[in-house]
Amino acid sequence: MLLKIKQIVIFITIFTLSCCKEYPVRISEELGRQLPITDSLKGVDSLEAFIAPYRKRLDEVLDSTLAYAPYIISKTDGTYNTTAGNLLADIVFQEANPIFRMRTGKSIDFVLLNHGGIRSIISPGPVSARTAYQVMPFDNSIVVAELNGKTVRDLVAFLIQAI
């Protein structure tokens with residue numbers, strides 16, 4: 001009887017260990033197809049009716065005038081400084097500096113933006129929130145870094161060489 005119990009325990013142990021072995025998952029085949037979204041797709045009336053009040057309110061907010069642009073504001077109208085780059089850097093500075101000062105007691109000295117993050121021009125005339133989303137369509141973050149004088153000089157030297 002004791003021998004049978006030992007055999008059962010050994011069998012259960014070997015079975016359990018072999019079942020617990022992890023096998024790597026491999027993709028054996030990839031299937032896919034592109035589904036173009038065109039005007040040939042018909043809207044669903046019940047969904048359109050459900051979305052209509054939200055779309056109306058969103059359009060009201062996005063199309064409200066924030067400012068007026070007297071001329072085209074673009075990231076291509078200068079060699080190194082552009083109207084769009086300078087405007088956006090000024091906006092980031094103006095909006096972020098009071099918050100940073102309130103939280104830390106320190107001030108931001110300058111703003112450096114990525115040229116590639118500016119995605120559209122600002123046309124002459126009323127500037128709306130929709131325009132702002134077209135110019136910078138991403139959920140960007142502001143990062144404040146404390147730099148000493150040597151690091152700022154190195155940064156400026158790098159930017160000059162990169163041009």
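The values are calculated or read from the model by the stated rules, or taken from the named source; none is laboratory data. Here the structure is a predicted model, which means the values were calculated and not measured. When we count neighbours, we look across all protein chains shown, and the Cβ atoms used for this are built from the backbone with ideal geometry, even at glycine.
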Report task. Pick out the one residue from Y68, Y54 that is part of a strand (DSSP E or B) and either touching a His at 6+ places or on another chain (Cβ under 8 Å) or at pLDDT 80 or above (or both). Result -> Y68
Requested in this report: Please enumerate the residues belonging to region 101-115 that are without any contact (Cβ under 8 Å) to a residue 12 or more places away in the chain, exposed (fewer than 12 other Cβ atoms within 10 Å of the Cβ) and either farther than 22 Å from V152 by Cα or touching a Ser or Thr at 6+ places or on another chain (Cβ under 9 Å) (or both).
Outcome: M102, R103
**Report entry** Matching option when the condition is under 23 Å from S74 (Cβ atoms) and either in contact (Cβ under 8 Å) with a residue 24 or more places away in the chain or out of contact with any Leu (no Cβ under 8 Å at 6 or more places or on another chain) (or both), among P98, P126
**Finding:** P126
Query raised in the report: Given the structure, is K75 surrounded by 11 or more Cβ atoms within 10 Å (Cβ to Cβ) and of a type in the set (K, R)?
Result: yes
Query - Single residue of region 80-119 satisfying the filter (acidic (D, E) and not in a loop (DSSP other than H, G, I, E, B)) that is nearest to N140 (Cα to Cα) - result: E95
Query raised in the report: Among the residues of region 32-47, is any under 30 Å from the mean Cα position of the chain (by Cα), at pLDDT 90 or above and assigned to a helix (DSSP H, G or I)?
Result: yes
Query - Scope region 124-136; condition in a loop (DSSP other than H, G, I, E, B) and either modelled with pLDDT under 95 or buried (at least 17 other Cβ atoms within 10 Å of the Cβ) (or both); matching residues - result: M136
Report summary line: The residue that is surrounded by the fewest Cβ atoms within 10 Å (Cβ to Cβ), considering only those in region 137-163 that are small (G, A, S) and not in a helix (DSSP H, G or I), is S141
